[in-house]
């Protein structure tokens, strides 16, 4: 069973706040004065974005010229609520957990990740190898107990919120699900097919890896994020009942997709970003088919 990484709270501070609106986190800086600016303050320039003060100083008019739709550092559209999808994902996870508690083990057994096994003696075989590929996805929304979901949701809020603001909604959601599916696929490939696994830790490790890529792109000190990564990897490989495969698979996918999201050149940005997502999903499919062939 995946377990959460409670030590990830420091990652939330990796993204600065707007100098004009201290309550708003942002991953974008003015290209002239390099102060962090939020969507309301961003004004499109020939290269990047500028803050209102620099625009007024440069134009001499005292008013900002008409601007195109503000974009994040990854090219996503800036929104009024940059944490909306993170809130929605947390809400879905909590709702599914409540359903688990209300329905009982039969609900969890139907949706958790398991390779090939029978839940009752002489009963029918269940699992991904039996064609239940949906388990690769549904297992990402299940949790074993209150502690498990508490740590996972706190980690998702601390890491996911700032990253959503920096990437934009579509790219953030793509990163989240691609990382989670990569973690599920590696778990299916390497773990005991009789051992069930559940949790969103693969997706969270993917967000963790992408955060490191973003921090490097913004020239932030990487030592805090590397320290957190080391601590979480130690926990991953030393604590019992943790699906390390999900963590490693999610982390590798998150770094790969995150690099494409952050470093893609502007003229081919969308193609490269979503092409990287498609490439990782292709690997997920290959790993799944290989393991299915081994078990059947």
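The values are calculated or read from the model by the stated rules, or taken from the named source; none is laboratory data. Not measured: the values here are computed from a predicted model. Positions of Cβ are backbone-derived with ideal geometry, glycine not excepted, and every protein chain shown enters the neighbour counts.
Determine if segment 107-114 includes at least one residue that is in contact with a helix residue (DSSP H, G or I) (Cβ under 9 Å, 6 or more places away or on another chain), within 30 Å of residue 16 (Cα to Cα), touching a residue at least 24 places away in the same chain (Cβ under 8 Å) and in a helix (DSSP H, G or I). Checked segment 107-114: no residue is in contact with a helix residue (DSSP H, G or I) (Cβ under 9 Å, 6 or more places away or on another chain), within 30 Å of residue 16 (Cα to Cα), touching a residue at least 24 places away in the same chain (Cβ under 8 Å) and in a helix (DSSP H, G or I).
Scanning for something under 19 Å from residue 74 (Cβ atoms), assigned to a loop (DSSP other than H, G, I, E, B) and either out of contact with any strand residue (DSSP E or B) (no Cβ under 8 Å at 6 or more places or on another chain) or at pLDDT 80 or above (or both), does segment 6-14 turn up at least one residue? Walk me through how you get there before you give the answer.
Taking segment 6-14 as the starting set, the residues that turn out to be under 19 Å from residue 74 (Cβ atoms) are 11-12, 14.
Keeping just the survivors that are assigned to a loop (DSSP other than H, G, I, E, B) gives none.
The answer is no; no qualifying residue exists.
For residue 172, state whether it is out of contact with any strand residue (DSSP E or B) (no Cβ under 7 Å at 6 or more places or on another chain) and surrounded by fewer than 24 Cβ atoms within 10 Å (Cβ to Cβ). No, not satisfied. Would a scan of segment 118-128 turn up a residue that is at pLDDT 95 or above, in a helix (DSSP H, G or I) and either more than 25 Å from the chain's Cα centre (by Cα) or crowded, with 16+ Cβ neighbours inside 10 Å (or both)? Within segment 118-128 (the criterion being at pLDDT 95 or above, in a helix (DSSP H, G or I) and either more than 25 Å from the chain's Cα centre (by Cα) or crowded, with 16+ Cβ neighbours inside 10 Å (or both)), the answer is yes, since at least one residue qualifies. Any residue that is under 15 Å from the mean Cα position of the chain (by Cα) and outside any helix (DSSP H, G or I) - is there at least one of those in segment 84-102? No, because not a single residue in segment 84-102 is under 15 Å from the mean Cα position of the chain (by Cα) and outside any helix (DSSP H, G or I).
Kindly evaluate residue 68 against the criterion of being at pLDDT below 95 and surrounded by fewer than 11 Cβ atoms within 10 Å (Cβ to Cβ). Here the answer is yes, as residue 68 does meet what is asked.
From the list 217, 223, which residue is over 14 Å from the mean Cα position of the chain (by Cα) and buried (at least 17 other Cβ atoms within 10 Å of the Cβ)?
Details: 223 fails: buried (at least 17 other Cβ atoms within 10 Å of the Cβ).
None of the other options fit; the residue is 217.
Summed over segment 22-52, the residues that are out of contact with any helix residue (DSSP H, G or I) (no Cβ under 7 Å at 6 or more places or on another chain) and either over 15 Å from residue 219 (Cβ atoms) or not in a strand (DSSP E or B) (or both) give a count of 21. Residues in segment 129-155 that are outside any helix (DSSP H, G or I) and free of Cβ contacts under 8 Å to residues at least 40 places away in the same chain: 131, 132, 134, 145. Residue under question is residue 197, and the condition is that it be at pLDDT 95 or above, surrounded by 19 or more Cβ atoms within 10 Å (Cβ to Cβ) and under 20 Å from the mean Cα position of the chain (by Cα); does it hold? Here the answer is no, as residue 197 does not meet what is asked.
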